[in-house]
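Asker: Okay, here's the structure, questions in a sec.
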Amino acid sequence: MNYRLLLIDDDQTLLKLLGQYLRESGFEVYEAPTGKDGLRLAYSERPDLVLLDVMLPGMDGWEVCARLREMTEVPVIMLTAKATESDKLRGFRLGVDDYVTKPFSFAELVARIQAVLSRLRVSDERAGVLVHGDIALDLKKFQATVAGQLLELTPTEFRLLEALVRRKGGVVSDEDLMHEVWGFDRDDPSLVRRYILLLRKKVERIPSNPVWVRTVRGFGYRLGTSPLSNTLRGTDEE
């Protein structure tokens with residue numbers, strides 16, 4: 001599963017080196033040199049975790065964290081040159097999940113990221129809820145919503161959407177969908193394509209111009225993160 005990370009730090013060298021290391025570790029990474037840029041990316045890209053420097057020009061990390069909490073419960077790891085007890089208490093009151101003191105080992109940071117994401121995944125699964133952007137699935141009630149609007153899905157459509165949501169925006173092949181949704185260890189693109197079209201009719205505002213259930217030509221399908229982010233990037237991947 002490819003998790004999306006948002007790295008907010010004004011140190012251009014750190015952005016480049018750490019961003020490259022995180023990508024090589026299997027993450028999708030968005031980078032922002034200022035708090036305002038970070039908030040814009042947090043809104044448009046809906047990351048799974050935010051790495052946030054405390055000492056930012058203009059809007060500091062504390063204010064960025066407070067504003068993040070107004071719109072999302074995304075996990076936040078603070079990057080700071082000094083982590084005093086008062087700083088940690090302030091951060092925990094804002095909902096910070098972990099602290100990493102600079103300078104730090106990239107390998108240790110990845111371990112901390114994975115630990116936070118693992119706790120989040122276990123918590124969601126225990127609650128029986130899967131979330132990706134504005135899409136939420138209640139696995140106990142077999143209910144799906146987009147931006148709070150309830151979707152009327154058949155059991156097969158629900159399983160198909162669940163398989164996509166579990167990938168958190170990663171691409172899922174026809175073969176993997178056949179195995180996870182129908183239990184077949186074979187590739188039947190026509191069957192998958194037919195149900196993708198049916199799902200789009202219920203999820204998309206304009207099924208012929210999908211912003212949620214996206215086709216990635218030659219690879220399979222993936223979920224967009226939000227109508228806004230897909231509109232900004234363009235929707236035609238086919």
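The values are calculated or read from the model by the stated rules, or taken from the named source; none is laboratory data. These numbers come from a predicted model, not from an experiment. Cβ atoms come from the backbone with ideal geometry, glycine included; neighbour counts cover every protein chain shown.
Asker: Can you work out which of the residues in the stretch 132-142 that are in contact (Cβ under 8 Å) with a residue 60 or more places away in the chain and in contact with a Ser or Thr (Cβ under 7 Å, 6 or more places away or on another chain) is surrounded by the most Cβ atoms within 10 Å (Cβ to Cβ)?
Answerer: Going residue by residue through the stretch 132-142, those that are in contact (Cβ under 8 Å) with a residue 60 or more places away in the chain are 132-135.
Pick out the ones that are also in contact with a Ser or Thr (Cβ under 7 Å, 6 or more places away or on another chain) and you get 133-134.
Working: Gly133: 21, Asp134: 17.
In this case the residue turns out to be Gly133.
Asker: Still on this model: Under 6 Å between Cβ atoms, which residue pairs at least 6 apart in sequence (or on different chains) link something in the stretch 143-168 that is surrounded by 18 or more Cβ atoms within 10 Å (Cβ to Cβ) with a partner that is in a loop (DSSP other than H, G, I, E, B) and at pLDDT 90 or above?
Answerer: Ala144/Leu153
Asker: Please go through the stretch 32-87 and give me each residue that is hydroxyl-bearing (Ser, Thr, Tyr), over 20 Å from Ala147 (Cβ atoms) and either in a loop (DSSP other than H, G, I, E, B) or touching a residue at least 40 places away in the same chain (Cβ under 8 Å) (or both), ordered by number.
Answerer: Here is the first cut: in the stretch 32-87, the residues hydroxyl-bearing (Ser, Thr, Tyr) are 34, 43-44, 72, 80, 84, 86.
The next check asks that each one be over 20 Å from Ala147 (Cβ atoms); those that pass are 34, 80, 84, 86.
Thr34, Thr84 - these are the residues of the stretch 32-87 that are hydroxyl-bearing (Ser, Thr, Tyr), over 20 Å from Ala147 (Cβ atoms) and either in a loop (DSSP other than H, G, I, E, B) or touching a residue at least 40 places away in the same chain (Cβ under 8 Å) (or both).
Asker: Looking at the stretch 8-28, which of its residues are buried (at least 20 other Cβ atoms within 10 Å of the Cβ) and closer than 18 Å to Leu120 by Cβ? Write out each step before concluding.
Answerer: Initially, the stretch 8-28 is screened for residues buried (at least 20 other Cβ atoms within 10 Å of the Cβ), giving 8-9, 18, 22, 27.
Selection gives Leu22, Phe27.
Asker: While we're here: Could you please let me know if Arg205 is modelled with pLDDT of 80 or more and part of a helix (DSSP H, G or I)? Give the steps one after another, and end with the answer.
Answerer: On the way: modelled with pLDDT of 80 or more: yes; part of a helix (DSSP H, G or I): no.
No.
Asker: Pairs please, first residue from the stretch 195-220 and farther than 17 Å from Val172 by Cβ, second anywhere and of a type in the set (Ser, Thr, Tyr) and not in a loop (DSSP other than H, G, I, E, B), Cβ atoms under 9 Å, 6+ apart in sequence or on different chains.
Answerer: Going by the 9 Å Cβ cut-off, the qualifying pairs are Val211/Ser229; Val211/Thr231.
Asker: Does the stretch 70-86 contain at least one residue that is charged (D, E, K, R), outside the structural domain of Leu177 (by TED's automatic domain parsing), surrounded by fewer than 17 Cβ atoms within 10 Å (Cβ to Cβ) and closer than 27 Å to Leu223 by Cβ? Walk me through it before giving the result.
Answerer: Taking the stretch 70-86 and keeping what is charged (D, E, K, R), we get 70, 73, 82, 85.
Adding the requirement that they be outside the structural domain of Leu177 (by TED's automatic domain parsing) leaves 70, 73, 82, 85.
Applying the additional criterion that residues be surrounded by fewer than 17 Cβ atoms within 10 Å (Cβ to Cβ) yields 70, 73, 82, 85.
Subsequent filtering for residues that are closer than 27 Å to Leu223 by Cβ retains 70, 73.
Yes, the stretch 70-86 contains a residue that is charged (D, E, K, R), outside the structural domain of Leu177 (by TED's automatic domain parsing), surrounded by fewer than 17 Cβ atoms within 10 Å (Cβ to Cβ) and closer than 27 Å to Leu223 by Cβ.
Asker: For the stretch 116-136, state whether one or more residues are in a loop (DSSP other than H, G, I, E, B), modelled with pLDDT under 90, among the aliphatic types (A, V, I, L, M) and farther than 30 Å from Gly19 by Cβ.
Answerer: Quick first cut of the stretch 116-136, residues in a loop (DSSP other than H, G, I, E, B) only: 128, 133-134.
Pick out the ones that are also modelled with pLDDT under 90 and you get 128, 133-134.
If we keep only those that are among the aliphatic types (A, V, I, L, M) too, we end up with none.
Taking every residue of the stretch 116-136 in turn, none turns out to be in a loop (DSSP other than H, G, I, E, B), modelled with pLDDT under 90, among the aliphatic types (A, V, I, L, M) and farther than 30 Å from Gly19 by Cβ.
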